[in-house]
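Take a look at the structure set out below.
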Amino acid sequence: MKVYQRLAHAFKGEGVTSTFGMMGDGNMFWISELHKIGVKVHEVRHEGAGLGMADGYARTANKPGVATATCGPGTTQLATAFVTAARAHSPVVAFCGEYPWSDPEYTQYLDQSRFAEACEAGFVRLQNPDQTDDCVRKAFYLAKLERRPIMLSCPMDIQQKEFEDADEPYRPTSELFNAGTISPDAKVLARAADLIASAKHPVIIVGRGAQWAGAGPAVLKLGERIGALLATSLLAKTFLADQSEYHAGISGLYATRPAMKLMEEADVVIGVGASLNRHTLENGYLYPNAKYIQIDHQAHVAMANGKFSDLYIQSDARIAVEALEKLLAEKAHKNTGYRTPDVKAKLANHNADRTEFPIDPGTVDPRESMIALEELLPPTVGVLSGSGMTSGISSMLMTRPRTITQAGHFFGCIGQMLPAAMGAIVASDYTPLCLIDGDASYLMHLAEFETAVRYKMPLLVVVMNNQCLGAEYYKLDAKKMDAMTSVIPTPDLGAVAVAMGGRGALVTHNDQLRTAVKDWVAKPGPMVVDVRISRTVPSIPYRRIHYGRDE
């Protein structure tokens, strides 16, 4: 058995069933072996998109996604996707071929260890055949432990050497890696219970960690006991939204004005599996008089602006919340807090955006488009959004809980959510998904729509197309500069999708959007809907940041 064959079998031994990437001379033998042993290889049109798909897979499945690229220029294509996955805390293993060590003047030479470090990825190198199993195990172990991408760099000549212990079964990290569940320290828990018992207006903010830990029922029970207002991080958007009348939506810049007013009254904020970063706390301004209790499985996490919580509880989210509720029940603590008819009335339809704007001819109001999508897409259809201007509109108006909900704000870059959506589809066993993204972002990886067609993915891409670089348009406009310098006309992206073998539609009236979405819901498949939106309608977050308006 050759080393590349053992490497492929080791990946399968780690439970890998799907990979994403592009073949080259540095990884083609490994890929060929994966095909032979039944691991699905999704061939993409750009290596960076393959890593983006592995990132989306990891975010959705909460287990390592696998990407691959050849040596040198194939590896350098991974840069933005590496950093995005690192910022998303996604466990990803990237199998990268490396130049043959026997040829130091090889054309595609690259110091891949330095490149990985610069891209915030971990690095493991295969140096001889005897290390084959250990290197694969180490890569997967680190990806799980550190929750970030790990580059497994495999020199081409080492891959071709003989692996002598082929009869020895591969031992996967599942036999060695024991994440376990962490229980909270009793003394810290008691102090937290005392602090909560003294609070008049507590807020519970849940994040992805609460979702992954299955802490939802415990959060609802604790919230009822202490009279808490519930909120989420952007990444956990809509979590528990249909299970409490006192759910205020997203905490941070994407919060509504009525919700912000309520949040400002908080005297205790309990973060459950949420990092409480600058975005969630709106740079510390959102909860001006609150003390913080933070629950996370990590040893410690700094909050916004490097500040630390008043009480930090290292624990599995579900176990800690259940224990807090039990302690407060033993104290016979019961608080009305935010749970009043007045608060309920303030939260009724608080997501509505009632500001009127003139609409450019031949375009639609993007807010009406989001409302139509919300009504037409069943809750079984997941919704993902990019990080451009229009994401503020979709995030604030689409509040229906869904099987999968993801936002793509990890690195502040565009172009990464089409690959992520495709990876999410694979991770969810081909659950139909809708991606809402901007025109410049979608066009950055346009070629991957053909990949979606090739693999018959049930993907609806709704391009909110203002034919410009939206963020730059409004920043220039707000500074009284020539915003038209950011305008870039686009072709009919629905027609382009049809040319690629999918379905498509051009929307200049929201009735056309309704027709297209109904068609897709009846028969999910690769489809692009090019929605021409009016530039006169900035999102609420953009109005706040750039125009000093809050309506």
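What is region 292-347's relative contact order, in percent, from Cα pairs under 8 angstrom and six or more apart in sequence?
Reported relative contact order: 29 percent.
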Item to complete: Please report, in Å, the Rg and the Dmax of region 346-394, where both are computed over Cα atoms only.
Response: 12.7, 36
Fill in: Cα-based reach from K518 at 22 Å (exclusive), listing lysines while leaving out same-chain residues under 8 positions away
K456
Worksheet item: What residues from region 314-334 fall in the zone where the backbone N is under 12 Å from a label point 7 Å along the Cα-to-C-beta line of K221?
Response: 318-330
Fill in: P(r) weight above 14 Å for region 36-85, C-alpha pairs, percent
51
Item to complete: Can you tell me which of 336-349, 500-513 comes out highest on packing, and rank the rest after it, using the mean Cβ neighbours within 10 Å?
Response: 500-513, 336-349
Worksheet, complete the sentence: The computed P(r) of region 165-217 puts the percent of Cα pairs beyond 13 Å at 78
Practice prompt. Would you list, by chain and number, the lysines whose Cα falls below 28 Å from the Cα of K307, excluding same-chain residues fewer than 8 positions away?
Written response: K144, K187, K200, K237, K261, K291
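Any chance you could tell me what percent of the C-alpha pair distances in region 241-283 go past 15 Å?
46
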Discussion item. Just to confirm, what accessible area per residue do you get for the chain at 1.4 Å probe, in whole Å²?
Written reply: 40
Practice prompt. Just the number, please: carbon plus sulfur as a percent of the accessible area of region 185-273, 1.4 Å probe, no ligands or DNA/RNA counted.
Written response: 53
Worksheet item: Using alpha carbon centroids, what distance separates region 473-544 and region 1-42, in Å?
Response: 38
Worksheet item: Over region 183-266, what is the relative contact order in whole percent, taking alpha-carbon pairs under 8 Å and six or more residues apart?
Response: 27
Response to the item:
Along region 109-118, Karplus-curve 3J(HN,Hα) (6.51, -1.76, 1.60; θ = phi - 60°) to the nearest Hz, with x for Gly and Pro, reads 4, 7, 6, 6, 5, 5, 5, 4, 4, 5
Worksheet item: Helix-derived [θ] at 222 nm for the chain: sum -39500 (n - 2.57) over DSSP H runs of at least 4, divide by residue count, nearest 500?
Response: -10500 deg cm²/dmol
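For region 16-121, count the residues as N, evaluate 2.2 N^0.38 Å, and divide the Cα radius of gyration by that value, please.
1.02
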Fill in: For the chain, alpha-carbon Rg and Dmax in angstrom
24.5, 75
Worksheet item: Order of 186-194, 211-219, 101-109 by packing, highest average Cβ count within 10 Å first?
Response: 211-219, 186-194, 101-109
Item to complete: Counting only DSSP beta bridges with both residues in region 422-551, tell me the antiparallel percent, nearest 5.
Response: 5
Response to the item:
Phi-derived 3J(HN,Hα) across region 58-72 with the Karplus relation (6.51, -1.76, 1.60, θ = phi - 60°), rounded Hz, x for Gly and Pro, is 5, 4, 7, 8, 6, 8, x, x, 10, 10, 8, 8, 7, 6, x
Response to the item:
Residue-ordered couplings for region 501-511, obtained by feeding phi - 60° into the Karplus form 6.51 cos²θ - 1.76 cosθ + 1.60 and rounding to whole Hz (Gly and Pro as x), are x, x, 10, x, 8, 10, 10, 10, 8, 5, 5
Worksheet item: Near K138, which lysines are there with a Cα under 24 Å away, not counting those fewer than 8 places off in the same chain?
Response: K2, K12, K40, K63, K161
Fill in: Contact order normalised by residue count of region 404-551, Cα under 8 Å, 6+ apart, percent
23
Practice prompt. For region 143-197, give the magnitude of the charge dipole about the Cα centre (Cβ charges: +1 Lys/Arg, -1 Asp/Glu; no others), in debye to the nearest 20.
Written response: 620
Worksheet item: Rounded, prolate or oblate: which fits region 178-319, taking a ≥ b ≥ c as square roots of the Cα gyration tensor eigenvalues, rounded meaning a/c under 1.5, else prolate when a/b beats b/c?
Response: rounded
Practice prompt. Under 10 Å from the Cβ of Q314, count the other residues' Cβ atoms, weight Lys and Arg +1, Asp and Glu -1, and hand me the total.
Written response: -3
Worksheet item: Roughly how many Å is it from the Cα centre of region 272-334 to that of region 412-452, as a whole number?
Response: 33
Response to the item:
Amide H proximity to G249 below 5 Å, modelled H, separation 5+ or other chain, gives T232
Fill in: Charge dipole magnitude, Cβ of K and R +1, D and E -1 - the chain, Cα centre, debye nearest 20
1600
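The values are calculated or read from the model by the stated rules, or taken from the named source; none is laboratory data. All values reported here derive from a predicted model rather than from experimental measurement. As a convention, Cβ positions derive from the backbone with ideal geometry for all residues, glycine included, and neighbour counts pool all protein chains shown. Calculation scope for accessible area: heavy atoms of the full protein, side chains included, ligands and nucleic acids excluded. Shrake-Rupley method; radii C 1.70, N 1.55, O 1.52, S 1.80 Å.
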